[in-house]
Amino acid sequence: MSQPYRWEMGARPPRGRSCAGTSRCAGSVGAVSTVSTAERSPLSRAFGDLAEGWRQRELWGHLGWQDIRQRYRRSLLGPLWITISMAVTAVALGILYAGLFGNPLETQLPYILVGFIVWGFISGCINEGSEVFVANEGLMKHLPSALSLHVYRLVWRQVLFFAHNLVVYAVMIVIFPQPLKWTDLAAIPAFGLLIVNGVWVALLAGILSTRFRDLVPISQSIVQLMFFLTPIVWIYSDLLNNPNPAVAERARIAEFNPFLHFIEIIRAPMLGQDQLLHHWLVVLGITVGGWVLTLLLLRRYRSRVAYWI
Amino acid sequence: MVSIHVDNASVDFPIFDAKSRSLKKTVLGLVGGNIATGAKVPTIEALRDITLDLEHGARVGLVGHNGAGKSTLLRVLSGIYEPTRGRAVVDGRVAPVFDLGVGMDPEISGYDNIIIRGLFLGMTRKQMEKRVDDIADFTELGDFLSMPLRTYSTGMRVRLALGVVTSIDPEILLLDEGIGAVDAAFLEKARQRLNDLVARSGLLVFASHSDEFLADLCDTAIWMEQGRVKEHGPLRQVIRSYKGRDPWSAGALDS
């Protein structure tokens, strides 16, 4: 890696500026189409990769669905199992922790359920993201495609999981009504932000761990650890308001956990709780910072990934 | 206009052994400061200073021994590998056909596989749906198309893959050999379709060891050796210098 690579010389300027937006190019979808024209800067190629992957949404949209159906092929209930297993987990853990913490079930269960649904999305993006290119080695070596294609497919799959789990939420809302208000529609842009972050996280994890394979088990261990450090089963506000000042002080450390803020901006509106502005600000900051970092990495190493797999 | 311009392109593969692929060596290397010996990743020079200009209508065969760089060159032309030095500029919709099986999912039906493979080759869903009947006709798979691919025999899979690949309209067609395992009667039919496909495409680069196929599809050839272009010219002439004899001369038939 010591050698400086001359990026402008690469083979795949993904259908240059000249054709961006024209109907012909938009129609001729495909990673496989390469119309190169003027020299492009490495950064605009990084953006080009993202745009090219986006143009192929017909493909990754299809593949994402396929992945889900694939997992439950030949089972009677099919993808409904996603919903069922989430319901079982939430109910069992809800009862368990309601008992352990002495919380009422109607508080503990919805809290755990929403936390689990959001966490499932986050951990899916990181864990599967770290393997996204290695897992698609066959495809990447035989069919040219934008890196982002594989990432979009992965994130789309996570969105579909999320959607299946929302069914459990809908049922839960009927059984344990939450004090929902119009402002709680903020959960929708919050989830949008989560998706936008999922893309850079998976892309970053994918590029780095394709080069350094040790990062796969490392990131998986970290994700597992973060599950316990993030308020998903334990209720953050309860600890903050704990009469014991030492406990309340320790709970405040959770503010340094970036996952807390992502969970909070979605969970608070979904449970009709007060929304705090600072969680939004932290998430927005991470979104910008994460994308800048990922774009820099993509600019530098986009074309190297094929050599690393 | 469809064209391929490769200018002094080289491809070096970094070879990470188990150790240098891990963080350990990088981290230790930084700490120890022993960059000269520790941090350098050995590389394999797969292509060296390739310069190539192909225009619309070119029908080029790639010949050379195993490991000469034919497949790597095809991957550079398809955009999978960007040259580490030099440049490659490819104008046109590229359809790379390197492995008939890749992108095929054994668990989904033949029909779904047709659509997905087509999307991977740069077609749209609508375009592929229009071609399904034609592909069904050609592959003679009939009702099997609604069965999962895993129920197919090897020959049936090849038929399906060939059916899809030969139904597309590429501007630049990159073919790597690996067309076999089909019964003779079908091969004759496949050859016709392959010829049609090549005729439809604006530019063909075809890596093969089969003189017969090369003669069928190509008029010029490139002889690759150790990652370099050793000779580029009319098919017959290149084959003659590559093989040391003319496979199509009367004398060759006797030997």
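So the check is Cβ under 6 Å with 6+ separation or different chains; which pairs have a first residue in the range B:226-241 that's over 18 Å from B:Ala46 (Cβ atoms) and a second one that's part of a helix (DSSP H, G or I)? Short answer, once both residue conditions are applied: B:Glu231/B:Val238; B:Glu231/B:Ser241. Out of B:Arg93, B:Arg87, one residue alone is surrounded by fewer than 22 Cβ atoms within 10 Å (Cβ to Cβ) and assigned to a strand (DSSP E or B). It is B:Arg87.
Within the option set A:Val305, A:Val247, A:Val233, A:Val282, being of a type in the set (A, V, I, L, M), in contact (Cβ under 8 Å) with a residue 12 or more places away in the chain and farther than 22 Å from A:Ile122 by Cβ holds for one residue only, A:Val305. Within the range A:50-67, does at least one residue satisfy the condition of being within 14 Å of chain B (Cβ to nearest Cβ), open to solvent by 50 Å² or more (accessible area, probe 1.4 Å), under 29 Å from A:Leu298 (Cβ atoms) and among the basic types (Lys, Arg)? Yes; the residues of the range A:50-67 include at least one that is within 14 Å of chain B (Cβ to nearest Cβ), open to solvent by 50 Å² or more (accessible area, probe 1.4 Å), under 29 Å from A:Leu298 (Cβ atoms) and among the basic types (Lys, Arg).
Residue check: A:Pro231 meets all listed conditions (1) closer than 18 Å to A:Trp280 by Cβ; (2) over 20 Å from the mean Cα position of the chain (by Cα) but one, namely (2). The residues listed here are B:Glu107, B:Glu55; of these, the one that is open to solvent by 20 Å² or more (accessible area, probe 1.4 Å), within 13 Å of another protein chain (Cβ to nearest Cβ) and either in contact (Cβ under 8 Å) with a residue 12 or more places away in the chain or at positive phi (or both) is B:Glu107. If you go through the range B:145-169 and keep only what is open to solvent by 30 Å² or more (accessible area, probe 1.4 Å), at pLDDT below 90 and touching a helix residue (DSSP H, G or I) at 6+ places or on another chain (Cβ under 8 Å), you end up with B:Met156, B:Arg157, B:Arg159, B:Asp169. Just so you know, in the range B:93-104 the residues that are within 7 Å of chain A (Cβ to nearest Cβ) and in contact (Cβ under 8 Å) with a residue 60 or more places away in the chain include one that is nearest to the chain's Cα centre (by Cα), and it is B:Phe98.
Residues in the range B:110-128 that are within 12 Å of chain A (Cβ to nearest Cβ) and either assigned to a loop (DSSP other than H, G, I, E, B) or not aliphatic (A, V, I, L, M) (or both): 12 in all. Pairs linking a residue in the range A:206-230 that is outside any helix (DSSP H, G or I) to a residue that is open to solvent by 30 Å² or more (accessible area, probe 1.4 Å), with Cβ atoms under 6 Å and 6 or more positions apart or on different chains, are A:Phe212/B:Leu23; A:Arg213/B:Arg21; A:Asp214/B:Leu23; A:Thr230/A:Phe259.
The values are calculated or read from the model by the stated rules, or taken from the named source; none is laboratory data. Worth saying up front: this structure is predicted, and the values here are computed from it rather than measured. A quick note on method: Cβ atoms are made from the backbone with ideal geometry, for glycine too, and the neighbour counts reach across all protein chains shown. Each accessible area value is taken on the protein alone, full model and side chains, heavy atoms only, with ligands, DNA and RNA left out. Shrake-Rupley method; radii C 1.70, N 1.55, O 1.52, S 1.80 Å.
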